[in-house]
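First up is the structure itself, then whatever we jot down about it.
The values are calculated or read from the model by the stated rules, or taken from the named source; none is laboratory data. Keep in mind the model is a prediction, meaning the values are calculated, not measured. Backbone-built Cβ (ideal geometry, glycine too); neighbour counts: all protein chains shown. We work out accessible area using only protein heavy atoms, side chains counted, and drop any ligands, DNA or RNA first. Shrake-Rupley method; radii C 1.70, N 1.55, O 1.52, S 1.80 Å.
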Amino acid sequence: MDRLRQKLSTIAHGDHPIAGPLHESTVRDLLDLALPHGDERVLDLGCGEGAWLLRAAAERPGVRADGVDVNEWALDIGRERIAAAGLADRVALHQEDATAYSAPNQYDVVLCVGATHAFGGLLPTLEAARKHLAPGGTLIVGDGFWEKAPGPETLRAGFAEDEFMSLSNTVDQALLDQWIPVHGHVSSLAEWDAYEWAWTGTLSRWALDNPGDPDSAEALQTAAQHREEWLRGYRGTLGFLTLLLRQAARPEPQHTLFRH
């Protein structure tokens, strides 16, 4: 993601820092399920400004967390908010490629919500998360799916027909990869609308309030294009699924005995 895209994306998410079609109450419920003890180690792959981690740690004094992202604009905002909340000693944000991140310890909870594209899709994301997840841990992963088959309008908005699958087939992907869903949330149309109006509206307001900024015209055009693609392209077609997954025990490899 280049610097201009990072800047505009960060501005667009200013009033919706969760950066996905999820209501605050949904985020709270998901975190309550994933963090039952309140002393877990948490990793967010593609954390943006660390909104999930801020919420996880603010109400749970034992939680320690790391977030990884390449967007320096979002990370700078996140670090300011984490420091203002008095959480800088427990929540650290790292500017690096999430696919290359390594840590000396594993994590009780790993998140990747709305950032599976960084790994090349759902299955590579699941494999990457597995390396970071401690035994018995929980993965929170959020990805798109097709509510219905994408029509020409959706494809013209820049999506590929095979970019996502149906809801049932998306869940099947996780099951076939030896993950067990322990909870799930399908974002409602109201959650989608709130997210998209916030995205396009916040960016448009910034552009109108900052006409002297060299990126103002680009921001206004980006917001208008996004709004058009959403309203005429994928609204009601693209869904969003957030799953809480636990690892199933992988079968031991079978060894063949050769008799001579």
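Quick notes
- Subset of the stretch 161-195 (residues that are assigned to a helix (DSSP H, G or I) and in contact with a Pro (Cβ under 8 Å, 6 or more places away or on another chain)): V171, A174, L175, E191, W192, A194, Y195
- The residues of the stretch 92-113 that are under 23 Å from I180 (Cα atoms) and open to solvent by less than 40 Å² (accessible area, probe 1.4 Å), listed by number, are Y107, V109, V110, L111, C112, V113.
- The single condition among (1) over 18 Å from the mean Cα position of the chain (by Cα); (2) modelled with pLDDT of 95 or more that L4 does not satisfy is (2).
- Selection within the stretch 62-91: residues that are among the acidic types (D, E) and open to solvent by 30 Å² or more (accessible area, probe 1.4 Å). The member of this set that is farthest from L4 (Cα to Cα) is D89.
- Counting only strands (runs of 3 or more DSSP E) wholly contained in the stretch 1-103, the ones carrying 1 or more residues that are out of contact with any helix residue (DSSP H, G or I) (no Cβ under 8 Å at 6 or more places or on another chain) and farther than 18 Å from T116 by Cα occupy 41-45, 91-95.
- The listed residue being of a type outside the set (F, W, Y) and on the phi > 0 side of the Ramachandran plot, out of G14, G50: G50
- Boolean, A149 is at pLDDT 95 or above, assigned to a loop (DSSP other than H, G, I, E, B), open to solvent by 70 Å² or more (accessible area, probe 1.4 Å) and not basic (K, R): yes
- Note on the stretch 157-177: among residues that are touching a residue at least 60 places away in the same chain (Cβ under 8 Å) and surrounded by 12 or more Cβ atoms within 10 Å (Cβ to Cβ), the one that is nearest to S102 (Cα to Cα) is A174.
- Each residue in the stretch 196-253 was checked for being assigned to a loop (DSSP other than H, G, I, E, B) and either at positive phi or open to solvent by less than 40 Å² (accessible area, probe 1.4 Å) (or both), and 4 of them qualify.
- Selection status of L22, touching a Phe, Trp or Tyr at 6+ places or on another chain (Cβ under 8 Å), modelled with pLDDT of 95 or more and surrounded by 14 or more Cβ atoms within 10 Å (Cβ to Cβ): yes
- Residues satisfying the stated conditions in the stretch 25-40, i.e. surrounded by fewer than 17 Cβ atoms within 10 Å (Cβ to Cβ), within 22 Å of F240 (Cα to Cα) and not aliphatic (A, V, I, L, M): S25, R28, D29, D32
- Taking residues in the stretch 117-144 that are open to solvent by less than 10 Å² (accessible area, probe 1.4 Å), and partners anywhere that are of a type in the set (D, E) and not in a helix (DSSP H, G or I), the pairs with Cβ atoms closer than 6 Å and at least 6 places apart or on different chains are L126/D177; G137/D108.
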